Structure formats: C-alpha cells, structure tokens
Amino acid sequence: MQKIVEKYCEMPSVIRKPMWRIWHNLLLKFDKNKEVVFMNYGYESLNGDPKLDLHNHDEHNRYCIQLYHQVASQIDLTGKEVLEVGSGRGGGGSYITRYLKPKKYIGMDISGGVVDFCNMKHSNVEGLSFVKGIAENPPFESHSFDAVVNVESARCYADIFGFFKQVHRILRPEGHFLFADMVKQGEISHIRDNLSKAGFKIIQERNITQNVVKALDLDHERRHTLVSNLIPKFFKGGFLQFAGAKGTERYNSFANGKMEYYVYLLAKN
C-alpha cells in the first residue's frame, strides 16, 4: 500500500481515478467520528506575515485552511456563485462559504459516498451544498458560475485538458478559475499550455512548494496522530504517505524539489 501511494502521481491517469475513489471509501470507513474534513498538504508563510484570523474550532485545521485561503482569496468572492470541483470532504467549501461569503457554493466530487458525508457533516453552513459529478463532464449549463475552485485534485483526472475546457465552459464571461496543484519538476509548462489552449489568461502564477513544506513540518504531529488513531496497522504506511508526513517519500519529494506546488489565478478569455 505504501509503495502504491509513493508512485501514485506517476501512475497512468486511467488508474489514478479509481484509486482516488478507493481512498475516499477507506477514509469513510476508518474515520467513524468524521474528524477529517481536509485532505490537502497545507500552506504556511515564509515571511512572518500576519496569521489568518480563525475561529477557535477551525484552529486545528489551520494549515489546510491557509492553503484554501491562498487559492480562494485571490479574488473577492462576496456574493458570487462558486463551484469547487474535487471538493473532497468539504472542509475547504465550509471555510470559503463561512469566511469569504459567496452567495452560493457548490462542492462537486466523483465519490457519492463522500458527497453524502459532506451534505451531512456541513449541513449547518448556509449556502453550501455538495453534488456528485465528473470533472471532465460537470452537470451544469454553460455560464453558470462566477468562479471555479480546484485544489489538489486535477492531477487525478483522466483528461486534464478536457477538465480545463469544461471549467471555461461553465464560467461566466468575466469568471475566474482559482487553481492549485502539485506537478513533477519540469512539467509546469505542460499545465500552462493546456490552460492557454483551454482559453484561460494567466493573471498570476506562484510556486509555493516551500510554503507547503513548512506547513507539513508544522502540521506533522497532528497528521501523524490522526493516522495513528484512525487507521488500521496494515494501511498506516500508505496513509502517512498520503498525508505527507515527515520522512515519507511524498514529503521528501516536496522538500527536494522533485514535486512542485503551484497556485494560479486565471481569467476566462
């Protein structure tokens, strides 16, 4: 299991998508108290910037929330209609809806089980809902949203260019794509080319790899404790890899630059 997770990003796209579903289903099974609502690697400032002001009950997810904030706060979402593709366990959607005040926020995920989890777990957040859908064929009409959010999910898709084209389709004429993901060193030009061909203008591109490493350093104890407490012994190595715990190949790939992490602000041309 651990070796599979180590090589996950290098596997063919046709394998990555079903593996992602399996991973979701395992976490649904093991996380009986619904503790885990974030699955991203996190973000921390390198320059001593003022800390994000969070409610007490959000503090334990600070680094994961800070990553979502870096992505979603690139534009003013107040009063806007927003879709998140690959919304996972819904923590990002909950944060954005409660703090950044969009009019409507829909989280879409390929896993029906995780969609049911999110609609139950986050049912008290007004304006937030979750639906099942496929990234390359989202069930929405053209020009439906002011912004689309995608965090650490696109690398799992069978057709990333097809996904970018669909984001362009469902965005309104002045819409924005708020995008973040990890890529292998030297492959970012492929992402740029696909974004451009799909009809997007790059407003801002940031390499935040070292911010992610710092977040994983600071969040290591929480991540390690969650895996130790929730996951059966046979699966622990794989889940530690998935969580980016210090000492794993996933953590090392960020620390040594083998994998890079980028955040984009994109406008629909």
**the chain - charge dipole about Cα centre, Lys and Arg +1 at Cβ, Asp and Glu -1, debye rounded to 20** = 540 debye
**Fill in**
Under the 7 Å Cα-to-Cβ spin-label approximation, residue 60 and residue 141 lie apart by a distance in nanometres of 4.3 nm
**Request:** Could you state how much accessible area residue 225 has, in square angstrom rounded to the nearest 10, with a 1.4 Å probe and all protein chains kept in place?
**Result:** 60 Å²
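How much length is gained if the chain between residue 210 and residue 197 is pulled fully straight, taking 0.36 nm per residue apart and subtracting their Cα-Cα distance, in nm to one decimal? The partial results should precede the final answer.
On the way: separation 13, 0.36 × 13 = 4.68 nm, distance 2.89 nm.
Value of the extension gain: 1.8 nm.
Considering only DSSP beta bridges whose two residues both sit in the chain, what percent are antiparallel, to the nearest 5? Mind dumping the intermediate values first?
Numbers: 17 of 36 bridges.
If I count the DSSP bridges inside the chain, around 45 percent turn out antiparallel.
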**Message:** Pick from 100, 77, 46 the residue whose mean-square fluctuation is largest in a GNM of the chain, springs joining Cα atoms under 10 Å.
**Reply:** 46
**Asked** In square angstrom, what is the accessible area per residue of the range 187-241 with a 1.4 angstrom probe?
**Response** 52 Å²
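Net charge near residue 45, counting Lys/Arg +1 and Asp/Glu -1 over other residues with Cβ under 15 Å of its Cβ?
Numbers: positive: 51, 62, 206, 214; negative: 44, 49, 53, 217, 219.
Every neighbour counted, the sum reads -1.
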**Item:** Choice from 84, 221, 152 with maximal GNM fluctuation in the chain (Cα, 10 Å cutoff)
**Value:** 221
**Request:** Run the numbers on the range 193-265 and let me know its relative contact order in percent, using alpha-carbon pairs under 8 Å that are six or more apart.
**Result:** 47 percent
**Prompt:** Once the dipole of the range 111-269 is set up with Lys and Arg at +1 and Asp and Glu at -1 on Cβ about the Cα centre, which of 191, 167, 211 lies farthest towards its positive end?
**Reply:** 211
**Item:** Exposure of residue 258 as accessible area (Å², to 10), given a probe of 1.4 Å and all protein chains
**Value:** 90 Å²
**Request:** Run the 1.4 Å probe and let me know the accessible area of residue 141, rounded to the nearest 10 Å².
**Result:** 140 Å²
**Complete:** Per principal axis, largest first, the Cα atoms of the chain extend in Å by 49, 43, 40
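Taking 30 Å as R0, compute the FRET efficiency from the Cβ-Cβ separation of residue 132 and residue 49 and round it to 0.05. Please report the intermediate quantities before stating the final value.
On the way: r = 37 Å, r/R0 = 1.24.
Step by step, r from the Cβ atoms, then E = 0.20.
Report relative contact order for the chain in percent, whole number only (criteria: Cα-Cα under 8 Å, sequence separation at least 6). Show your work: numbers first, answer last.
On the way: 483 pairs, mean separation 60.7, N = 269.
Over the chain, the number comes to 23 percent.
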**Asked** Once label points are set 7 Å from the Cα along Cα→Cβ at both residue 267 and residue 120, what is their separation, rounded to one decimal in nm?
**Response** 4.4 nm
**Message:** Taking only Cα atoms of the range 138-269, what ratio of Rg to Rh do you get with Rh as the Kirkwood inverse-distance radius?
**Reply:** 1.05
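Between their Cα atoms, which of 51/233; 34/246; 29/103; 121/268; 184/246 are more than 27 Å away from each other?
Working: 51/233 36 Å; 34/246 24 Å; 29/103 33 Å; 121/268 33 Å; 184/246 19 Å.
In this structure, 51/233; 29/103; 121/268 lie more than 27 Å apart at Cα.
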**Asked** At 37 °C and 0.692 mPa s, what whole-number value in µm²/s does Stokes-Einstein give for the translational diffusion of the range 47-148, with Rh from the Kirkwood sum over Cα pairs?
**Response** 232 µm²/s
**Prompt:** Under 18 Å from a point 7 Å along the Cα-to-Cβ line of residue 34: which residues of the range 61-97 have their amide N that close?
**Reply:** 61, 87-97
**Message:** Taking all protein chains in place and a 1.4 Å probe, what share, in percent, of the accessible surface of the range 156-269 do carbon and sulfur account for?
**Reply:** 51 percent
**Complete:** Among 129, 73, 87, the residue with the largest mean-square fluctuation in a Gaussian network model of the chain built from Cα contacts under 10 Å is 73
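The values are calculated or read from the model by the stated rules, or taken from the named source; none is laboratory data. Computed from a prediction, not measured in an experiment: that's the story for all the values here. Backbone-built Cβ (ideal geometry, glycine too); neighbour counts: all protein chains shown. Just so you know, the surface numbers come from the protein's heavy atoms only, side chains and all, with ligands and any DNA or RNA stripped out. Shrake-Rupley method; radii C 1.70, N 1.55, O 1.52, S 1.80 Å.
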